[in-house]
Amino acid sequence: MALTFHATNTSLHLNAHPPFSSGKSLPCSSSKLFKSSPKRKTCVVVIRSSVVQEQDISFTDEENQLVDALIGIQGRGRSASSQQLNVCMQFASFLKSYVILLIEFQVLQDVEQAVKLLEGLQGIPDPTDSSLIEGRWQLMFTTRPGTASPIQRTFVGVDFFSVFQEISLRTNDPRVSNIVKFSEAIGELKVEAAASIKDGKQILFRFDRAAFSLKFLPFKVPYPVPFRLLGDEAKGWLDTTYLSPSGNLRISRGNKGTTFVLQKKTEPRQGLLSVISTGTGVAEAIDEFISLNRKIAKDEPELLEGEWQMIWSSQVETDSWLENAGNGLMGKQIVNKNGQLKFLVDIALGLRFSMTGTFVKSGANTYDVTMDDAAIIAGPFGYPMEMGRKISLQLLYSDEKMRITRGYNDILFVHILSDGLKQK
């Protein structure tokens, strides 16, 4: 992966350019463990550390709407790029960019709505005067004006590392630092800025040093950016437009018009989705997540109605997209209350793979699934296919956002609820 930094007109931009685009995406769900907002939206979040942290995490209803919207970005964004669009690219490569654009625009609206709602509420009145602004914050989401994408930049789109911001204002050397953590094994890059408080909301800063701290080296490696020669381009400001009374959530806007959403503490779903985005240690993270939920949840999970996008599975896709689609390894599952289930995969240019069947509850958290009606659909026409599957589906976790199941061939699946069908 190539990592580039652009210090332009008082902002520092971080871009990741992976040599290949691969990976799987994600969802959310379960009743008692997480509190849902009154209006169903989408959700996201990012932790590259332990997926489950048994700690007090306090969010208001309005803050939960933003957290849910963030979870949706992480889940739906990756699902579109890595699952169903693999098939699309076999037919028309331009389709991938088009579909991603539509999905990103959709989920960005959820985040913007939640951000504006919080900014209109009374958080901490003068954030820079409060000690709650101090400490280490994890970047969950950021927009970047001036780019072609409507999302412009989301933290969840960066699959291989985490971004943090450290604020220390009440010292002899007040500073704001941006930290890119590559992994526990590799190390991090820290870009530091001298800071000062302008008023109750605004921090002024000037970038002045940066260095890599790599685990395999006993010394720091300076990052070769001539901050002194950049003049005003190394300067900037940061307005905090919302700081939660709990000190867990912060919304800030930069001098370039960029919006940042940061958290000090994240809920367990966010941690799991973050691990899924890296593609490493996902099965172990799922086990940890489910174990925590068993300790807290009072009721058995239910197979909820809705349109569920598959974002991750423990089974590697085969060369046959038809086999992948029939086994539920890509695309969506549509669950209806009447006991009907449909696998749906967008192929390209109006073509869809559809496979319908039924499900019957056979235990506390198990379902007998029979899929026996497959076809390639083109508009009003369908070409029947001789395919069938009988699956014992175990529902390991489910809430109004995310679902974890064990299905065909003992494969683990993670789905996220999309907007196709509204949960009643």
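Worth pointing out:
- Using the average count of surrounding beta-carbon atoms within 10 Å as a protection proxy, the listed peptides 249-257, 223-231 rank, highest first, as 249-257, 223-231.
- If R0 is taken as 22 Å, the Cβ-Cβ distance between residue 185 and residue 283 corresponds to a FRET efficiency of 0.70.
- Positive minus negative residues near residue 368 (Lys, Arg vs Asp, Glu; Cβ under 12 Å): +3
- The gain in end-to-end length when the residue 370 to residue 315 segment is fully stretched comes to 17.8 nm, 0.36 nm per residue minus the alpha carbon separation.
- Across region 383-416, the residues whose backbone nitrogen lies under 13 Å from the label position 7 Å along the beta-carbon direction of residue 302 are 398-400.
- Scaled against the 2.2 N^0.38 Å expected of a compact globular protein of N residues, the Cα radius of gyration of region 268-362 reads 1.25.
- In a fully extended conformation the segment linking residue 122 and residue 383 would gain 88.2 nm over its present Cα-Cα distance, using 0.36 nm per residue.
- Per residue, the accessible area of region 287-367 comes to 46 Å², computed with a 1.4 Å probe over protein heavy atoms only.
- Cβ-based net charge around residue 392, under 13 Å, with every Lys or Arg adding one and every Asp or Glu removing one: +2
- Pairs from the list 298/361; 332/361; 265/295; 265/342 with a Cα-Cα gap above 29 Å: 265/342.
- Extension gain, residue 134 to residue 196, is 21.0 nm, computed as 0.36 nm per intervening residue step minus the present C-alpha separation.
- Straight-distance candidates among the aspartates and glutamates for linking to residue 201, with alpha-carbon spacing under 15 Å and chain neighbours fewer than 8 residues away dropped: 119, 126, 129, 134, 239.
The values are calculated or read from the model by the stated rules, or taken from the named source; none is laboratory data. This one's a predicted model, so the numbers in the text were calculated from it and none came from an experiment. So basically every Cβ, Gly included, is an ideal-geometry build from the backbone, and we count neighbours across all protein chains shown. When the accessible area is computed, the model is the full protein with side chains, heavy atoms only, and any ligands, DNA or RNA have been set aside. Shrake-Rupley method; radii C 1.70, N 1.55, O 1.52, S 1.80 Å.
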